[in-house]
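Trainee: Here it is, the structure in full.
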Amino acid sequence: MVPVVTPNVPLWQQRPFGYFKPSIPKGANVWVYTDNTISEQQPPLWEARTNRDGSITPGVKKVYYGGHSYTITADEAIVLTSAGYGANIS
């Protein structure tokens, strides 16, 4: 049961589960685009599209969510290492 929080309760008591630390370390989400560029910001588009001027906006090829373990291929390891994530590959 969660107690009712009133305006008279101090702020530090209004978050009863705020002091728990996560058991899994939080990592960064990494998006790999179809042109093998990498970003940590979620893209507005997930599928590739051709713009009016003929240029192509790349789509998302793969997503690595932070705090999770993934089995990757040697080619994926090369792309991630060249982008600076080699220290996180084991």
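Bear in mind these aren't lab numbers, they're just calculated from the coordinates by the rules spelled out. Owing to the predicted nature of the structure, the values given are computational and were not obtained by experimental measurement. Cβ placement follows ideal geometry from the backbone for every residue including glycine, while neighbour counts extend to all protein chains displayed.
Trainee: Evaluate the distance, in nm, between pseudo-label points positioned 7 Å from the Cα of LYS61 and of THR37 along their respective Cα→Cβ axes.
Mentor: 1.4 nm
Trainee: Can you tell me how much longer the chain between ALA28 and SER82 gets when fully stretched, taken as 0.36 nm per residue apart minus their C-alpha distance, in nm with one decimal?
Mentor: Values: separation 54, 0.36 × 54 = 19.44 nm, distance 1.66 nm.
Contour length minus the Cα-Cα distance gives 17.8 nm.
Trainee: Right, here's the next one. Could you list, bin by bin from short to long, the percent of Cα-Cα pairs of the stretch 24-88 in 5 Å steps?
Mentor: Calculated over all Cα pairs of the stretch 24-88, the distribution is 4, 16, 26, 23, 16, 9, 4, 2, 0 percent.
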